[in-house]
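The numbers here are math on the coordinates, done by the rules we state, and not lab data. Keep in mind the model is a prediction, meaning the values are calculated, not measured. Counting neighbours? That spans all protein chains shown, and the Cβs are built from the backbone with ideal geometry, glycine included.
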Amino acid sequence: MARLFVGTFLGADRAALFEQLKQRNSQLSQRWRLKARFVPLPKLHLTWLFIGDVERRRIEEVKLDLQSTVAEWKKQNNRSFQIQYDKIEVWSSLKAPRVLVLESTADCPEAESLNNEISKGLSKYLEKSEKVQRFKRFRPHLTVCRFSPDHNEREAGKVKRLLSDFIVPEDFFPLAHEISAVSLIESDLNAGPNGYSSIQDIALN
């Protein structure tokens, strides 16, 4: 089986910004009494659609359907665009944090239509499992940090956490993400920082 999703990686030109973000928040684990694991720079991406586990013999079929799906979207758009991330959020909550994300709050019709087209075109491949959480509406975001309990869960439950605890460098927002292509990406959970590999890249213009 191959674990697949459709996404767009963040450009390498943003690497210095995220390195600074990680350095400024190096004490977050101690402050929040959780294990805070920053997403390695090569893995930073926007997810258009998480597909899940797919039989390897069907990968070529998925690639063809993604290609025709993007071609359909390009009939009305046929151009790259930007998504602007402008706020920090913790999901599911500060009391029980799972991930810290950069979210876009501005309307982006191109992103909405692209997400809808991809979701419709690849719906037959989606893994149907209670473990796979899916949003009811598209929320463009980058996951920058993942949390897991430390050894003292009782103490962690008493910690008062604030978004202001997370230090953002000046001029970090708004962060522009150039969307010039979408990729079919395979996730290898055991491969560390380089665990995402693009197996198909499709330009938007």
Q: For residue 123 and residue 165, compute 0.36 nm times the residue count separating them, minus their Cα-Cα distance, and round to one decimal in nm.
A: 11.2 nm
Q. Could you give the longest part of the chain that holds none of the GluC sites (Glu not before Pro) found in DSSP loops with at most 16 neighbouring Cβ atoms within 10 Å?
A. 56-126
(Q) Where in the chain is the longest stretch that carries no trypsin sites (Lys or Arg not before Pro) classed as loop by DSSP and with at most 13 other Cβ atoms within 10 Å? (A) 1-74
Q) Principal axis lengths of the range 2-203 from Cα atoms, whole Å, largest first? A) 51, 36, 29
(Q) Tell me which chymotrypsin sites (Phe, Trp or Tyr not before Pro) from the range 54-156 have a DSSP coil assignment and no more than 10 other beta carbons within 10 Å of their own. (A) 135
Q: With runs of 4+ DSSP H residues as the only contributors, calculate the mean residue ellipticity of the chain at 222 nm using -39,500 (n - 2.57) per run, divided by the residue total and rounded to the nearest 500.
A: -7000 deg cm²/dmol
Q) Among the lysines in the range 34-76, how many pairs, 8 or more places apart or on different chains, have alpha carbons under 26 Å apart? A) 4
**Q.** Cα→Cβ-extended label distance, 7 Å offset, between residue 199 and residue 133, nm
**A.** 2.6
